[in-house]
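Participant: For reference, the structure I am asking about is given below.
The values are calculated or read from the model by the stated rules, or taken from the named source; none is laboratory data. Small disclaimer: the values here were computed from a predicted structure and weren't measured. Every residue, glycine as well, gets a Cβ built from its backbone with ideal geometry; the counts of neighbours run over all protein chains shown. Calculation scope for accessible area: heavy atoms of the full protein, side chains included, ligands and nucleic acids excluded. Shrake-Rupley method; radii C 1.70, N 1.55, O 1.52, S 1.80 Å.
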Amino acid sequence: MDLTNTRQLLTLREACEWASSFLGRNISESNISYLIQYGKVKKYSENGSTQIDAHDLKDYYQSFNGKREVEWKKKLGNDLNWSLSFDNLREKDTTKHVHRLHPYKGKFIPQLVEYFIDNHTDNFKQKTFFKKGDIILDPFSGSGTTLVQANELGIHSIGIDISRFNCMITDTKLLDYDLDLLVREIKNINLAITKFEADGKIEEFEKKLYFELAKFNNKYFPSPDFKRKIYKREINENEYSTKKEKDFLNIYNELIAKYKIELKQEKNKTFLDKWYIKNVRKEIDFAFEQIKKNKDEKNKRVLAVILSRTIRSCRATTHSDLATLKEPQTTTYYCWKHKKICKPLFSIKYWFDRYANDTVVRIREFQKLKNGAYWVSITGDSRTVDIAKKIKSRNKEFYKIFEKQKIKGIFSSPPYVGQIDYHEQHAYAYDLFGFERKDELEIGPLYKGQGMEAKKSYAEGISQVLLNSKKYLSNNFDVFLVANDKWGLYPQIAEKAGMKIVNQYKRPVLNRTERDKNPYSEIIFHLKNN
């Protein structure tokens with residue numbers, strides 16, 4: 001298609017065809033709609049049909065997408081392997097089926113696991129490391145990404161994590177369900193929550209608040225025009241948003257006073273006391289009491305995970321700070337994520353209903369993909385746990401296979417030095433479910449920092465995990481560890497564990513949830529027996 005200086009409007013379908021030809025890869029209508037929604041290209045309308053200018057598309061792709069690889073390699077090095085960026089995938093692909101059953105900070109995308117453990121070869125990965133019927137271990141299993149992907153590929157799997165809640169998420173993803181019974185029980189709980197009224201004024205208050213927010217945002221933050229002005233730097237986002245945030249706060253405070261809404265709870269001792277508006281806390285407690293009455297243990301676990309996912313979304317914080325909490329947010333605020341004035345949540349009802357339906361869809365989808373593989377999720381310390389004993393006590397059929405062939409290898413993402421407190425990220429769940437926390441057994445937690453002692457302790461901890469795991473590995477094992485090794489610790493970790501690094505793959509991490517979007521990479525270390 002020849003682009004001249006005159007405006008050349010394309011329908012979404014035509015835009016897909018043009019972009020696919022220009023970039024040499026498939027571009028879907030949802031990809032183009034994303035560019036419109038976030039103000040990357042301007043939207044035109046003709047006879048009720050959405051259209052965009054081909055010049056805008058070309059300018060965007062030339063200024064960003066086409067140059068991103070070059071720019072990232074300038075900053076991160078020419079050894080950056082762009083084929084492992086998975087930049088062609090949508091969020092829908094990277095959060096497929098049960099992988100999005102519950103948020104988990106620090107997990108890798110399933111395609112990365114699949115790439116290394118799937119039985120295929122290509123120009124980059126010439127060799128197949130795992131095959132159907134093998135056993136794979138993840139000693140830092142987190143929310144179970146490796147186990148889920150292994151199960152889908154017919155590979156037996158073992159996951160170990162120090163966090164009981166993490167293992168609960170993993171179990172929920174992998175268990176087999178009577179789906180008809182699960183759907184009925186979810187509907188019953190959802191109906192009970194919908195009917196429950198802790199504060200009769202909340203519903204009327206929220207309707208009025210939504211009305212005022214919509215009117216204000218349509219006037220001062222029209223979408224996608226406002227986002228496009230920010231993208232084109234035609235407006236100072238910080239100055240403009242600060243002023244408008246104050247303007248709407250006056251409206252919000254008047255409504256709070258009118259409906260006599262209580263924002264804070266009487267107590268401020270626990271996470272649940274501090275991070276939830278009073279009405280939300282009452283609904284949480286009611287929902288949990290209903291769930292505890294359920295007699296089917298597997299379904300009870302699913303319902304608990306739905307509630308946990310719900311209350312994570314209902315914390316009194318800004319949308320930008322969901323991953324890293326700062327201070328409780330009980331007033332309206334300018335949202336850096338959505339580019340408009342947003343509000344705190346006053347009820348869990350909408351989110352429980354949404355997540356309940358989403359959970360059923362995802363479990364049903366994964367049930368169809370399961371490949372008959374065995375799996376075991378172990379709550380324990382990977383440095384010392386007796387893997388053989390745990391498998392034998394949990395699944396004797398799996399233990400027979402384990403005894404015969406041992407574990408073929410590891411695919412895992414160990415914690416990074418001083419970046420995440422893994423128990424704290426789910427503090428709301430530990431509070432609600434009463435699980436015992438074992439923060440002191442975490443390796444490389446945020447609270448220990450990134451000093452010399454922390455790095456030394458980290459290297460010792462990871463090497464101990466590998467040494468313990470090695471007892472159960474077959475002789476010709478393959479270990480893949482995903483790490484951000486900016487401290488250069490993994491060569492000594494491998495040496496301490498009696499292993500050697502035979503290869504490493506440096507991949508760009510494109511889709512980060514934090515506001516910091518600076519180029520970032522991680523390394524997949526391939527280790528074998530020394």
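Participant: Once Lys and Arg get +1 and Asp and Glu get -1 on their Cβ, which of Leu76, Thr172, Ser457 lies farthest toward the positive end of the dipole of the chain?
Facilitator: Farthest towards the positive pole: Ser457.
Participant: Additional query: HN-Hα J couplings of segment 303-311 from phi, Karplus 6.51/-1.76/1.60, θ = phi - 60°, integer Hz, Gly and Pro as x?
Facilitator: Per-residue couplings from phi come out as 4, 5, 5, 4, 5, 4, 4, 5, 6 Hz.
Participant: May I ask for the Kirkwood hydrodynamic radius of the chain, worked out over all distinct Cα pairs and given in angstroms to one decimal? Intermediate values should be presented prior to the final figure.
Facilitator: Details: mean 1/r = 0.0389 Å⁻¹.
This gives a value of 25.7 Å.
Participant: Skip the ligands, DNA and RNA, and give the accessible area per residue of the chain with a 1.4 Å probe, whole Å². Working shown, then result.
Facilitator: Numbers: 25950 Å² over 530 residues.
Ligands and nucleic acids excluded, the result is 49 Å² per residue.
Participant: Quantify, in whole percent, the carbon and sulfur part of the accessible surface of the chain (1.4 Å probe; protein heavy atoms only).
Facilitator: On the way: 12110 of 25950 Å².
C and S fraction of accessible area: 47 percent.
Participant: Once you mark the GluC sites (Glu not before Pro) that are in a DSSP loop and have at most 16 other Cβ atoms within 10 Å, what is the longest gap between them in the chain?
Facilitator: Here the longest segment lacking exposed loop sites spans 1-196.
Participant: Further, regarding this structure: Using helices alone, I'd like the mean residue ellipticity at 222 nm for the chain: each DSSP H run of four-plus residues gives -39500 (n - 2.57), total over residue count, nearest 500. List each step's numbers first, then the result.
Facilitator: On the way: 21 runs with 244 residues, N = 530.
Dividing the helical sum by the residues of the chain leaves -14000 deg cm²/dmol.
Participant: Compute the Rg/Rh shape ratio of segment 272-409: radius of gyration over Kirkwood radius, all on alpha-carbon atoms.
Facilitator: Details: Rg = 20.5 Å, Rh = 18.6 Å.
Computed over Cα atoms, the ratio is 1.10.
Participant: Using the Karplus curve 6.51 cos²θ - 1.76 cosθ + 1.60 with θ = phi - 60°, what ³J(HN,Hα) values do you get for each residue of segment 485-495, in whole Hz, with x for Gly and Pro?
Facilitator: 9, 5, 9, x, 8, 6, x, 6, 4, 4, 5
Participant: Can you list the residues, at least 5 places off or on another chain, whose amide H is less than 5 Å from the amide H of Ser377, using H built in the peptide plane?
Facilitator: For Ser377, whose amide H was placed from the backbone, the distant partners under 5 Å are Gly159.
Participant: How big is the antiparallel share of DSSP beta bridges in the chain, given as a percent to the nearest 5? Don't jump to the answer; show the numbers that get you there.
Facilitator: Working: 24 of 41 bridges.
Percent antiparallel among DSSP bridges in the chain is about 60.
Participant: Can you list residues from other chains, or at least 5 along the same chain, whose modelled amide H is less than 5 Å from the amide H of Phe129?
Facilitator: Those qualifying (amide H under 5 Å, at least 5 residues apart or on another chain) number zero.
Participant: Using the Cα atoms of segment 126-212, I'd like the radius of gyration and the largest Cα-Cα distance, Dmax, both in angstrom.
Facilitator: That works out to 21.1, 64 Å for Rg and Dmax.
Participant: Restricting attention to segment 237-274, which trypsin sites (Lys or Arg not before Pro) occupy a DSSP loop and are surrounded by at most 16 other Cβ atoms within 10 Å?
Facilitator: Working: sites: Lys243, Lys244, Lys246, Lys258, Lys260, Lys264, Lys267, Lys269, Lys274; in loops: Lys260, Lys264, Lys267, Lys269.
Within segment 237-274, the qualifying trypsin sites (Lys or Arg not before Pro) (loop, at most 16 other Cβ atoms within 10 Å) are Lys260, Lys264, Lys267, Lys269.
Participant: Then there's this: By residue number, which cysteines of the chain lack any other Cys whose Cβ falls under 4.7 Å from their Cβ?
Facilitator: Cys16, Cys167, Cys314
Participant: If you don't mind, another one. If the cut-off is 12 Å between C-alpha atoms, which aspartates and glutamates fall inside it for Lys260, apart from same-chain ones fewer than 8 positions away?
Facilitator: Excluding near neighbours in sequence, the set is Asp199, Glu204.
Participant: Please tell me which of these pairs span more than 30 angstrom C-alpha to C-alpha: Lys187/Lys227; Lys208/Lys267; Lys229/Lys258; Lys295/Lys448; Lys187/Lys208; Lys274/Lys370? The partial results should precede the final answer.
Facilitator: Details: Lys187/Lys227 39 Å; Lys208/Lys267 28 Å; Lys229/Lys258 36 Å; Lys295/Lys448 41 Å; Lys187/Lys208 28 Å; Lys274/Lys370 41 Å.
Those over the limit are Lys187/Lys227; Lys229/Lys258; Lys295/Lys448; Lys274/Lys370.
Participant: Right, something else. Taking 25 Å as the cut-off for C-alpha to C-alpha distance, list the pairs among Lys219/Lys243; Lys75/Lys470; Lys42/Lys339 that go past it. Intermediate values should be presented prior to the final figure.
Facilitator: Values: Lys219/Lys243 14 Å; Lys75/Lys470 37 Å; Lys42/Lys339 17 Å.
Beyond 25 Å between Cα atoms: Lys75/Lys470.
Participant: Could you derive backbone 3J(HN,Hα) for segment 363-380 from the dihedral phi with the Karplus parameters 6.51, -1.76 and 1.60 (θ = phi - 60°), listing whole Hz in sequence and x where the residue is Gly or Pro?
Facilitator: Once rounded to whole Hz, the list reads 5, 4, 5, 6, 4, 6, 9, 4, 10, x, 7, 7, 8, 9, 10, 10, 8, x.
Participant: Next question, about the same structure. How big is the shadow of the Cα convex hull of segment 73-177, averaged over all directions, in nm²?
Facilitator: On the way: hull surface 32.4 nm².
Orientation-averaged projected area of the Cα hull: 8.1 nm².
Participant: For Cys335, what residues show an amide H to amide H distance below 5 Å, using hydrogens built from the backbone and excluding near sequence neighbours?
Facilitator: Residues meeting the amide H criterion: Lys340, Ile341, Cys342.
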